[in-house]
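Asker: Here it is: the structure, laid out below.
The values are calculated or read from the model by the stated rules, or taken from the named source; none is laboratory data. This structure is a prediction, so every number in the text was calculated from the model and none was measured. Don't worry about glycine lacking a Cβ; one is built from the backbone with ideal geometry, like all the others, and counts go over all protein chains shown.
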Amino acid sequence: MLHFPDINTVGFQLGPITIHWYGLLEIISFVIATVWLIRRGRMAHWNWRKEQVVDLEFYVAVGAILGGRVGYVLWYNLPYYLANPIKMLAIWDGGMSFHGGLLGVVIACWVFARLHQQHAFLPTLDFIAPAVPIGLGLGRLANFINDQLFGRVSDLPWAMVFPAGGPQPRQPSQLYEFLLEGVLLLLILAIYSRKARPAGAVGGMFVLFYGIFRFIAEYARQPDIQLGFVFGHYTMGQVLSVPMIILGPLVIWWAYKGGFSESPQTTLAADH
């Protein structure tokens, strides 16, 4: 059994300005993702200019925040927010859903593609998808530092006593998600997207493997206290991941069948 390390949640302080680790890691992930996308954008089968990458990152950030909040309100705590509608706007109090954020990113990429005719919708999703695990992984590290989203009670040797989780040791599920949804998913997508792929294939890979990894990690994660288990012994995170596990292979199959013909990548990928 391990004990939660004594970590100061304040990551940076300069006079009256205080930035907590969560915000600091989000900033770091944004910078890393942007720099990496700019480098990847120079590859022949992507052909993205730096200015276009920065614009896309802005759209994606707005979509992720709005979608994440709406998803949390609808799927995780709707009765509370119906009784306290003004609290829907209190993002600083916490409460974001990845699955809602994903839908927000998809919509943001669609809007971006409509306004920037040079890059079609699905190739835009394919381009941004490999960078998403950077934010996911560092976000899970921030959850660990903040003593949030810890796992279920366990007698495993590496189970940890979290201050907010009571006296019983729990699984460090945030670290599991960091490794699966952050590190491993990043490696899979980075390697797969190095070559030109049919339009939609990279995005389909993201949807498939995130759904699988999240479904697995949820077996170790403590369900949200206000929601508990749904549909028997499953969590809301697992329920929302099932459509991703189903949709991902269908998107990949359709992409390789040439069903998404809006991108020149479809032709480029025929030789690989």
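Asker: Could you grab me the full set of residues in segment 152-200 that are of a type in the set (Val, Ile, Thr) and in contact with a strand residue (DSSP E or B) (Cβ under 9 Å, 6 or more places away or on another chain)? Reasoning before the result, please.
Answerer: Here is the first cut: in segment 152-200, the ones of a type in the set (Val, Ile, Thr) are 153, 161, 183, 188, 191.
Within segment 152-200, Val153, Val161 meet the criteria.
Asker: Let me ask another. Can you tell which of Gly204, Gly248 is under 23 Å from Pro123 (Cα atoms), of a type outside the set (Val, Ile, Thr), crowded, with 22+ Cβ neighbours inside 10 Å and touching a Leu at 6+ places or on another chain (Cβ under 9 Å)? Steps first, please.
Answerer: On the way: Gly248 fails: crowded, with 22+ Cβ neighbours inside 10 Å.
Being under 23 Å from Pro123 (Cα atoms), of a type outside the set (Val, Ile, Thr), crowded, with 22+ Cβ neighbours inside 10 Å and touching a Leu at 6+ places or on another chain (Cβ under 9 Å) holds for just one of Gly204, Gly248, which is Gly204.
Asker: Under 6 Å between Cβ atoms, at least 6 apart or on separate chains: pull out the pairs that start in segment 14-34 with a residue that is farther than 18 Å from Val183 by Cβ and end on any residue that is acidic (Asp, Glu) and modelled with pLDDT of 90 or more.
Answerer: Close Cβ pairs satisfying both conditions: Thr34/Glu57.
Asker: Name the single residue, out of those in segment 160-201 being closer than 30 Å to Phe121 by Cβ and charged (D, E, K, R), that is nearest to the chain's Cα centre (by Cα).
Answerer: Glu181
Asker: Then there's this: Has segment 103-122 got any residue that is within 26 Å of Leu186 (Cα to Cα), of a type outside the set (A, V, I, L, M, F, W, C) and in a helix (DSSP H, G or I)?
Answerer: yes
Asker: With the condition being at pLDDT 95 or above and closer than 30 Å to Pro169 by Cα, I'd like the helices (runs of 4 or more DSSP H) fully within segment 195-271 carrying at least 1 qualifying residues.
Answerer: 201-217, 236-256
Asker: Which of the residues that make up segment 86-117 are surrounded by fewer than 18 Cβ atoms within 10 Å (Cβ to Cβ), more than 29 Å from Gln148 (Cα to Cα) and touching a Phe, Trp or Tyr at 6+ places or on another chain (Cβ under 6 Å)?
Answerer: Matches in segment 86-117: Trp110 only.
Yes/no per residue for (1) modelled with pLDDT of 90 or more; (2) under 17 Å from the mean Cα position of the chain (by Cα); (3) farther than 30 Å from Leu125 by Cβ:
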| site | (1), (2), (3) |
| --- | --- |
| Met1 | no, no, yes |
| Gln13 | no, no, yes |
| Gly23 | no, yes, no |
| Glu26 | no, yes, no |
| Ile32 | yes, yes, no |
| Trp46 | no, no, no |
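Asker: Across segment 96-149, what is the number of residues that are of a type in the set (A, V, I, L, M, F, W, C), over 30 Å from Gln171 (Cβ atoms) and touching a residue at least 60 places away in the same chain (Cβ under 8 Å)? Spell out how you get there, then give the answer.
Answerer: Of all residues in segment 96-149, those of a type in the set (A, V, I, L, M, F, W, C) come to 96, 98, 102-103, 105-113, 115, 120-122, 125, 127-129, 131-132, 134, 136, 138, 141-142, 144-145, 149.
Next, from what is left, pick out any that are over 30 Å from Gln171 (Cβ atoms): 106-113, 115, 120-122, 125, 127-128.
Add one more test, that the residue is touching a residue at least 60 places away in the same chain (Cβ under 8 Å), and what stays is 120-122, 125, 127-128.
Counting residues in segment 96-149 that are of a type in the set (A, V, I, L, M, F, W, C), over 30 Å from Gln171 (Cβ atoms) and touching a residue at least 60 places away in the same chain (Cβ under 8 Å) gives 6.
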